[in-house]
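Read-outs throughout are calculated quantities, based only on the coordinates presented, and are distinct from any laboratory measurement. Just so it is clear, the structure is predicted and the values come from calculations on it, not from any experiment. Quick reminder, even Gly has a Cβ in these numbers, built from the backbone with ideal geometry, and neighbours come from all protein chains shown.
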Amino acid sequence: MRPENYQAVKLGQSNEYEIFIGPNHPGIEGNYAFRLMLDGDIVVSGKADAGYLHRGFEKLMEGRLWIQNLAIVPRICVPDPAPMEVAYSMAVEEIMGIEAPIRAQWIRTMQLELSRVAAHLFTFGGHAATTGMYTPMFWGVADRDLVLDLFEDFTGGRVYSIYNIPGGVRRELPPEFLQKLSNLLDYLESRQNDYDNLLFTNQVFVDRAKGCGALTQEQALELSVTGPNLRACGLAYDVRRDDPYLVYDELEFDIPIQTAGDAYARILVRRDELFQSIRILRQIIERLPSIKGKIRTPIPNPLSWNVRKGEAYARVESSKGELAYYVVSDGGDKPYRVHVRGPSSMHAVQTLEFLAKGARLEDVAQIMFSLDACPPEVDR
Amino acid sequence: MKKINYNDKGSILNPLKNLQFYARKPVTEPLGPRPASASYRGFHINDLDKCIGCSSCQKICDNAAITMVEVPSIEEDASKGLRNLRPAIDYGRCCWCALCVDICPTSAIEMTREYVHVCDGDETDSYFIFPKETGIHGDSFEKGWTKTEDSDLLDRARRPMGEMEPEARIDNFDEIVDGFTMEMAIEEASRCVDCGLCEDACPAHMHAPNYIRSIYEGNLEQAVEWMYETNPFSHVCGRVCTHICETACSLGHGEGESDPIAIRWLKRFAMDNVSKTKIKQIARKGKSRKKSGKSIAVVGAGPAGLTAAFDLVKKGHKVTVYESLPKAGGMTRYGIPNYRLPKDRLDQDIEVIQSVGVDIKYNVKVGTDISMAQLQKDNHAVVMAIGMQMGRSTRIPGSDNKMVVKAVDLLRMIPKGDEFNVPKSAVVIGGGNVAMDIARSLARLQKQKYNEVNITVSALEQLGKTFLADDDEVIESKEEGIVILDARGPKQCVIENNKLTGLETVKVISIFDEQGRFAPKYDEENLQFHEADMVVEAIGQMSDVSILGDELTEELEWNRGRIQIDGNGATSVEWLWSAGDMVKGPDVINAVADGHRVADDIDKFLNK
Amino acid sequence: MNKVPIDEILNKVNGIKITHKRKTRIRVDVDADSLPTLLELIKGRASYIHLSAITCVDWIADNQFELVYHVWSYEEKCLISAHTRIDRGSESNPAKYVSVYDLFKPADFFERDIFEMYGVTFIGSPRMEKFILTEWNGVPPMLKDFDAEAYVQETFKWTDYNPDWLQELTDQGGGIAVKPEDIRTAGNTHNMSTHRERDKAKAAAVKANEKMQGWKQ
Amino acid sequence: MSKHKEGHSKSYEKLKLKTTLKEILDVAVSFEKTARDFYTAMIPKVSKNIRYIVEELAEEEQQHYDLFLSLKNDPYVQSQLDERIKTPTENHKFSDYVQLLDLGDNPDDQTILQYALAREDAAMKQYQDLADNAPEGELQDTFRFLAIEEAEHKLELEKKYYEIIHSGGPQ
């Protein structure tokens, strides 16, 4: 059903209306629609409607060489592309039975955390915008751009880094990079007060966010909610710690939690996580110079690269939650099957539909953004 | 980090604190593009001179953004591995992943720090660009993403090949090169980018990319199947081929240390590891069940003659091969020493060819035992493939002494087991591979008989510059104790009392002119005498065309001393074809290619 | 509380094959009939409550679908991937399997996704209906026998470009030699651009050119 | 063969007597003609497969003949001779080591080439000697020019010799 063909329908004698939000609602990342049954301004039921940006990534990947897919995977989640590359590479490495050199693992960790910082900044802005506050949105996007400058510096691309490769990363860090990173972290920390004043302790925002889209821990677990959304329900669970990958077991960081499970709790978890990421990055800045060695384990030349038969389920903690790649190889030069398990496939469909029920129409956008749903993960 | 308590209510005044921003300096960014970072993946540039047209960029492109275009003004030379294809890029599809940069075997394609292109709707043609040293807008920009050692997707180093140590090999004729193990072969095969330059370069157009791929996949039988499509002398070529393919290999074009794929050793590996029975089955594939009723005589059972025979038999014709020597193989048997080509391998190639139905008559000398006229009478077509088995002499003073011998004659005696007096010391005149073959063979015989090596090779050509023999041959010869005196011209064989005492040479200052043609300059003062019991001349060979007989010689058209043939090997006489060394000069793979050509043409002729 | 080792629980299922891949990954293979029992067991007895994903793999050569249920335990910190194979069915008799929605709510999403992309009907799943491909009437596109590349070539038109430089090259007798789609549609890249392919292409070009000349005259 | 050797020494005497440039060129022209006729006569006698060598030799002598003839008739001949002498071609003496053989009845390619090399070498030396003994001026310049011409011709032959005889070997 295309929106241009859609007209709000008044159903029979009741006060119920069916309306369509999206697919370009400002409160929604990407092209995604939501069909709501309203009774007055109270949502009776909601139905997620995907398909506006279906590019058939999983199908495409089956038709491309192992390495060519690296140019595809980051596109599945624009705000937080790095975990996609890393998860795919890790899955392929597991099938091949190789490991990235330790230096590459540190660099990957750095990339993931930088990406998390960028993604959270983006989400702050987006979330604020759904409550009608646009300044944090501009700030979030502007500050994220500074992170993108660093991505450009060390990966060669601003958004789609295409920096990972099974076996490691493609390039050494440029000279002075860690100094630049350190300066950026200083700057971001200096911005904390500004964000707190404008957003996190702004009474208008606090009032709007509290109680909005609240989940209990039981509900969250039943719905397979992960990431900050789950941690906002009081469960200190993080793939980085509980199913460690790369060098996370060598890093010190806390897992921030909240218990209320609502939109405000979720954004507070993200705020704290941003600073945990800065903490991790500072440790990396300190440790990385002493970690010498190669950044790539050699793989056969990609044009004739047959990955041996096997399968692997690689999980990472993206800014949105548990991101997993299930990769199957039949021994050929292309993946036999790649399944992308994005955290939003849970958050943006069943959880969103569940939370929308009974909410007021004006809160729907905030609920969706507070879940940090990334529709391309549903629509891959 | 300041903690925020969930239960805090926040304050309506907090946002007002940000009014302080009015006192801050505004952030301003200049309009217009800023320079991108030093490793930015901007627009492409391509160094057209470095680019060889291998199309690897096109194959790695995940968005089908690269079209190969033919540029007629660019040199195309298959034997050097140069195609006149160059990439053109469709920026409507490109995703700027730079995999094309990272795979380019010659590092020709790179990206700049330029990243802005704006055009109107009716200017979509500007999306399709042909990158040169300058990028999309014809401007030179600083380079962004270029290939680094880390980002290089290709494995540049050849797997090392094991060899017998000099001490172990000098007193015998055992094969020197170890050959690959399965693991090494797969690793080596994995380096191939499948550009096909090797196949273009190979005279027989062997499907090297296909059999390399099969080896990589561990399917050696399939690899051998690919080989037998174009070469029934795969064992021989797996060992002694001149491997033009490796010269053409795109990996060998890379800067710095970048080795071509060891295509020859891979071929050898596959052949060595598939059973003879299986190879016979493979060789029979595609053999016609129908008999054509036509018969063909082939003169000479060398690679050219037997390849032609092999093809013709598979096409249903009856083929008889006449060989003047007791065994088949031609120069591969009677010219190449066993340590380079073990004769059992050659025997197998020939056995496989015979198993398809080729009939070889040994010890029959055409021209003496049976005339060409007779062959013509008895057959529908005749193939001349007698090779170049006669050695040239320098004809310097003293060269008519009986202890001045020709390399090819000696080399023929060794596998035949003919007795001859191994000289205690010998000088070889010549700097080609034949000179090395006889020097190293004599060295082995000397070691066996006298326990010491005393061989000198004297060549006009200069080592490392104009020398004709392969580098490996030179290195290994030196390891085996052979002295190579390069840049020396033979002046005379010194004879005292009718007995050879040695060779006198004169220093060559330079040998070729600017055009690369022979124009030697000598230093007359610089004379040297080399004591020797035997002088071996290894300067060149020719074909014994006298077997054709005067009448046929007169009837045929000639081309600078060789029988004139057309592109298919047909001579000016309707029933006669000629192939191999005698028309093309010495080279096994060329001979094989010739054999195929001739067979195809004869088949066409017979089916007319 | 005495923890029952996971293997002991898994082994209650008939015909199970257990592979410990690493500390946090266990692969089990079970019959299609036993899979729901297995999931119930590990959820109920071993705290595997988080359904991370359900993956479908189309093994067309075996005429089977493989369904993989990835289930995580927050307590054990371990992921069990339960593999099972079902009949691939046919157009007239599509594949069917039993839904695990009553065990894991998120199965709703995954099963609907597989229904849409592979055509497997999950009996008992609440919404066996279209979701992403609402305007698609073809075969389920993730099936191996749906050729996406061919579909794209048939359905969409590539932009034809005619920049000046290309015209110049064409005038010199050169121009487009190998199009990217030629390489891609060949499927197997390793056979391309060898001399035979090029010769054939060249011959075709010469022929086409001759034809053109004929037209002009 | 012997006849020709004789011819050469005879011609030496003949040339020494000459004093004017035109007369010298006349004799030179007639020498080239003799050589051309010699090779031309040889063509049908050798085996067809090596006939090209003799044909080419005859052709080269013909070219020399034409050159000397045109020189003789060239009004600016003096200035041209000066040009040539300023850039003498070296004699590399390769032919010294090629033994002079009898041509015999059925010569092979190598023999013919060796014969031709020796012949050019002898001619070159002859002119060189003449130049050395001639008084400075027009006469000496002429001899020098002729010597250089023959040297160049010999050099071309040497290249041909190398390319035909030193044909490399099998691998």
Shielding by other protein chains, B:10-22, mean Cβ within 10 Å: 6
Antiparallel %, DSSP beta bridges [both residues in the protein assembly as shown], to 5: 70
Cβ-based exposure ranking for B:Ile74, C:Ile54, in which fewest neighbours within 10 Å come first: B:Ile74, C:Ile54
Helical segments meeting 18 Å axial Cα length and Kyte-Doolittle -1.0 threshold in chain A (DSSP H): A:82-96, A:102-130, A:135-155, A:177-190, A:263-287
For B:189-196, mean number of other protein chain Cβ atoms within 10 Å: 6
Least to most buried among B:Asp601, A:Asp196 (fewest other Cβ within 10 Å first): A:Asp196, B:Asp601
Cα→Cβ-extended label distance, 7 Å offset, between B:Leu31 and A:Glu176, nm: 2.9
Ranked list, fewest to most other Cβ atoms within 10 Å of each Cβ, for D:Asp108, A:Asp262, B:Asp120: B:Asp120, D:Asp108, A:Asp262
Calculated FRET value between B:Lys2 and C:Leu41, using beta carbons and R₀ = 45 Å, to 0.05: 0.40
Chain A, relative contact order [Cα under 8 Å, separation at least 6], %: 25
In range of the label at B:Glu257: residues from segment A:281-304 whose backbone nitrogen is under 19 Å from the point 7 Å along Cα→Cβ: A:293-301
Inter-chain shielding of A:195-206 (mean C-beta neighbours from other protein chains, 10 Å cut-off): 6
Prolate/oblate/rounded call for chain A, Cα gyration tensor, a/c under 1.5 rounded: oblate
Ranked by how many other beta carbons lie within 10 Å on average, peptides B:390-399, D:115-124, C:173-182 from highest: D:115-124, B:390-399, C:173-182
Highest average packing first - D:131-144, B:144-157, Cβ atoms within 10 Å: B:144-157, D:131-144
Zone residues, segment A:325-353, relative to C:Glu149, backbone N less than 18 Å from point 7 Å out along Cα-to-Cβ: A:330-338
Peptide ranges B:333-341, A:237-245, D:22-30, B:198-206 listed from the most packed, as the mean C-beta count within 10 angstrom indicates: B:198-206, B:333-341, A:237-245, D:22-30
Antiparallel content of DSSP bridges confined to chain B, in %, to 5: 55
Residues A:Glu189 and B:Val118, FRET efficiency given R0 of 41 Å [Cβ-Cβ distance, rounded to 0.05]: 0.60
Residue-averaged [θ]222 nm for the protein assembly as shown, counting only DSSP H segments that reach four residues, each worth -39500 (n - 2.57): -11500 deg cm²/dmol
Modelled FRET efficiency - R0 25 Å, B:Ile509 with D:Gln63, Cβ distances, 0.05 increments: 0.25
Segment A:98-246 shape via C-alpha gyration tensor axes, a/c threshold 1.5: oblate
Potential extension, B:Phe605-B:Thr148 segment - 0.36 nm per residue separation minus Cα distance: 158.9 nm
Backbone HN-Hα couplings from phi across segment A:227-237 [Karplus 6.51/-1.76/1.60, Hz, Gly and Pro as x]: x, x, 5, 6, 5, 6, 9, x, 9, 7, 10
In range of the label at A:Ser45: residues from segment A:201-229 whose backbone nitrogen is under 12 Å from the point 7 Å along Cα→Cβ: none
Lysine pairs with alpha-carbon atoms under 23 Å apart, segment C:6-146, spacing 8 or more or separate chains: 18
The protein assembly as shown shape via C-alpha gyration tensor axes, a/c threshold 1.5: prolate
Set of lysines near B:Lys361 by C-alpha distance (under 16 Å), chain-local residues within fewer than 8 positions excluded: B:Lys318, B:Lys327
